[in-house]
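Peer 1: Pasting a structure here, questions to come.
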Amino acid sequence: MNRVEEAVQFFRGERSFHRLFCEMKKKYESLGRIGGTISVSSFSAEEKEAIASFFGKEMSRVSLASFEQQLANTRFAGISLVELLSCYFGEPLVTKKEQQQEIEREKEAYFTRLMNTYRAQRDWLMAVEKQRFVQLAYQQNHHALEAALSAVCRALEQLPSTYVRLPVFAQKVANDPHMFDLHTLAGKLLLSALEFYTDTEYDLSVVEDVNELLQSYRLLREDVLNFVTCAGVMAETEKGRHPVFAAACATNTALNVPLREVMPLVRAYPSVGNNVFVVENAGVFSTLLDANVPLISTNGQLNLATRWLFDLLVKEGVTLYYSGDFDPEGLKMAQRLVERYGSSVRLWHYDCSDYLATKPTVPLSDERLTKLQSVTLHDLQPVKQEILRRKKAGYQEALVEQLRREVKGR
């Protein structure tokens, strides 16, 4: 038995030193050197007595340097505290800095290996590595992260040339139809990758933008429950006039048209005139329906089916007249329409006088009011400021009779 092992055997035999040794180990790992002090005020009487016996006096605090010095006054002279602690705990002492350096080395090797495996996706892997949610996922379960990253890299290599539903695509790529569900890690990573390789900016916190991003890669999240509500709109496929749209126009019938049925259309245009009236709410849409004019209801959101139909209408030179609620969400929708379709959109009864005519009484929370910060369209600034001043919402239902009389006169 060498002298270090002898010292370890001695201190292990004196169990009252164990707590002190644990604290000295933590202190060394934290500082990266022999330094600092340890308070023994919370130690037991037996532990304090053992420490006092070692130093030859009572101690309220024990410094690591003084312990090493006192060790030199015993038969274990020449043994460093680092040697003693390493042998006592049966493992090398590793400082926090060294631990972090090792973690960083392992992480670097982890991502390097992935980049070498999926060379075509190297640029994206380098970019996504720095994202906070990926760093967190690595810390929580790097095996699960690798599985998700690998699935996305395989997906990027198999992007479809014709439209396919996302669950079907996920089944093909990963043998799991839910692999790319948007709440999953792989789903979030897929969106990150698709956005990385596109030239268009998307707000991935907005459902409509997420759907449009997926659609730009011919991936459909939902093509049945994603529908557009319309009336008085004629449509054509490659085979000619669509019989359902034609019949609906002839009978002034409202249609809820799923994205699945909108996608094959090659043309869309008003059954009469060159204008389509767009409203935010279904109740207003239903009231205006009796006027027998081209109508579309967004039902509170610009989903993919609605935007697809708008694209076709604008392509034909149609003017969209938009009327919505006087609240943050309504203004943001109006702005997004103008940003997307420019002069093809007219804001319809959407100024300060119309807002006041709704007799706004419903309070808006501060959280909702902060959404108005992103409303930067020049034409919306007066009504935006009035909403901020009053902190109340106005709803287009209050204007429905005025809207009805106006469309009926056309």
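Peer 1: Among what's in segment 184-237 and is hydroxyl-bearing (S, T, Y) and assigned to a loop (DSSP other than H, G, I, E, B), pick the residue that is farthest from L156 (Cα to Cα).
Peer 2: S205
Peer 1: How many residues are of a type in the set (S, T, N, Q) and without any contact (Cβ under 8 Å) to a residue 12 or more places away in the chain when one looks only at segment 307-360? Quick ask: steps written out before the conclusion?
Peer 2: First pass over segment 307-360, keeping only residues of a type in the set (S, T, N, Q): 319, 323, 335, 343-344, 353, 358.
Applying the additional criterion that residues be without any contact (Cβ under 8 Å) to a residue 12 or more places away in the chain yields 343, 353.
So the count comes out to 2.
Peer 1: When E261 is evaluated against the numbered criteria (1) in contact with a helix residue (DSSP H, G or I) (Cβ under 7 Å, 6 or more places away or on another chain); (2) under 24 Å from V210 (Cβ atoms), which criterion, by number, is the only one it fails?
Peer 2: Of (1) in contact with a helix residue (DSSP H, G or I) (Cβ under 7 Å, 6 or more places away or on another chain); (2) under 24 Å from V210 (Cβ atoms), only one is false for E261: (1).
Peer 1: A follow-up question, please. So, in segment 170-185, how many residues would count as being crowded, with 19+ Cβ neighbours inside 10 Å and either farther than 21 Å from D123 by Cα or more than 12 Å from the chain's Cα centre (by Cα) (or both)?
Peer 2: Total meeting the criteria: 5.
Peer 1: Considering only segment 71-92, I want to know if a residue exists there that is in contact with a strand residue (DSSP E or B) (Cβ under 9 Å, 6 or more places away or on another chain) and surrounded by 12 or more Cβ atoms within 10 Å (Cβ to Cβ).
Peer 2: Within segment 71-92, not a single residue is in contact with a strand residue (DSSP E or B) (Cβ under 9 Å, 6 or more places away or on another chain) and surrounded by 12 or more Cβ atoms within 10 Å (Cβ to Cβ).
Peer 1: Now, a different point. Return yes or no: is A246 farther than 17 Å from T162 by Cβ, modelled with pLDDT of 90 or more and surrounded by fewer than 21 Cβ atoms within 10 Å (Cβ to Cβ)?
Peer 2: Yes.
Peer 1: If we keep just the residues of segment 1-59 that are polar (S, T, N, Q) and over 22 Å from G78 (Cα atoms), which is least open to solvent (accessible area, probe 1.4 Å)?
Peer 2: S16
Peer 1: Moving on. Could you grab me the full set of residues in segment 141-169 that are out of contact with any Phe, Trp or Tyr (no Cβ under 7 Å at 6 or more places or on another chain), assigned to a helix (DSSP H, G or I) and open to solvent by 40 Å² or more (accessible area, probe 1.4 Å)?
Peer 2: Within segment 141-169, N141, H143, A144, E146, A147, R154, E157, P167, V168 qualify.
Peer 1: If you scan segment 93-140, which residues turn out to be among the basic types (K, R) and open to solvent by 30 Å² or more (accessible area, probe 1.4 Å)? Explain how you work it out, then say what you get.
Peer 2: Restricting attention to segment 93-140, the residues satisfying the condition of being among the basic types (K, R) are 96-97, 105, 107, 113, 119, 122, 130, 132.
Selection gives K96, K97, R105, R113, R119, R122, K130, R132.
Peer 1: Do you know which of the residues in segment 6-37 that are of a type in the set (G, A, S) and in a helix (DSSP H, G or I) is nearest to L71 (Cα to Cα)?
Peer 2: Once the filter is applied, the top-ranked residue is A7.
Peer 1: Further question on the same structure: Considering only segment 200-209, I want to know if a residue exists there that is open to solvent by less than 40 Å² (accessible area, probe 1.4 Å), within 30 Å of L255 (Cβ to Cβ) and either touching a Pro at 6+ places or on another chain (Cβ under 7 Å) or in contact (Cβ under 8 Å) with a residue 12 or more places away in the chain (or both).
Peer 2: Checked segment 200-209: at least one residue is open to solvent by less than 40 Å² (accessible area, probe 1.4 Å), within 30 Å of L255 (Cβ to Cβ) and either touching a Pro at 6+ places or on another chain (Cβ under 7 Å) or in contact (Cβ under 8 Å) with a residue 12 or more places away in the chain (or both).
Peer 1: Just need a number here: residues in segment 56-96 that are among the hydroxyl-bearing types (S, T, Y) and within 12 Å of K27 (Cβ to Cβ). Can you show your working first?
Peer 2: First, the residues of segment 56-96 that are among the hydroxyl-bearing types (S, T, Y): 60, 63, 66, 74, 80, 86, 88, 95.
Narrowing the set further to residues that are within 12 Å of K27 (Cβ to Cβ) leaves 63, 95.
Number of matching residues: 2.
Peer 1: Now for a different question. Return the residues of segment 394-405 that are crowded, with 21+ Cβ neighbours inside 10 Å and either farther than 11 Å from A357 by Cβ or under 32 Å from the mean Cα position of the chain (by Cα) (or both); say none if nothing qualifies. Before the answer, list the steps.
Peer 2: Of segment 394-405, the ones crowded, with 21+ Cβ neighbours inside 10 Å are 394-396, 399, 403.
Those that are crowded, with 21+ Cβ neighbours inside 10 Å and either farther than 11 Å from A357 by Cβ or under 32 Å from the mean Cα position of the chain (by Cα) (or both): G394, Y395, Q396, L403.
Peer 1: Mind listing just one residue for me: the one in segment 355-380 that is part of a loop (DSSP other than H, G, I, E, B) and hydroxyl-bearing (S, T, Y) and, of those, nearest to A398 (Cα to Cα)?
Peer 2: Among them, the one singled out is T358.
Peer 1: With the condition kept exactly as written, say whether any residue in segment 216-227 is within 22 Å of V128 (Cβ to Cβ), charged (D, E, K, R), open to solvent by less than 40 Å² (accessible area, probe 1.4 Å) and in contact (Cβ under 8 Å) with a residue 40 or more places away in the chain.
Peer 2: Among the residues of segment 216-227, not one is within 22 Å of V128 (Cβ to Cβ), charged (D, E, K, R), open to solvent by less than 40 Å² (accessible area, probe 1.4 Å) and in contact (Cβ under 8 Å) with a residue 40 or more places away in the chain, which makes the answer no.
The values are calculated or read from the model by the stated rules, or taken from the named source; none is laboratory data. It should be emphasised that the depicted structure is a prediction, and the values quoted were computed from it without experimental measurement. A quick note on method: Cβ atoms are made from the backbone with ideal geometry, for glycine too, and the neighbour counts reach across all protein chains shown. The protein model used for the area step is the full one, side chains on, heavy atoms only, and it has no ligands, DNA or RNA in it. Shrake-Rupley method; radii C 1.70, N 1.55, O 1.52, S 1.80 Å.
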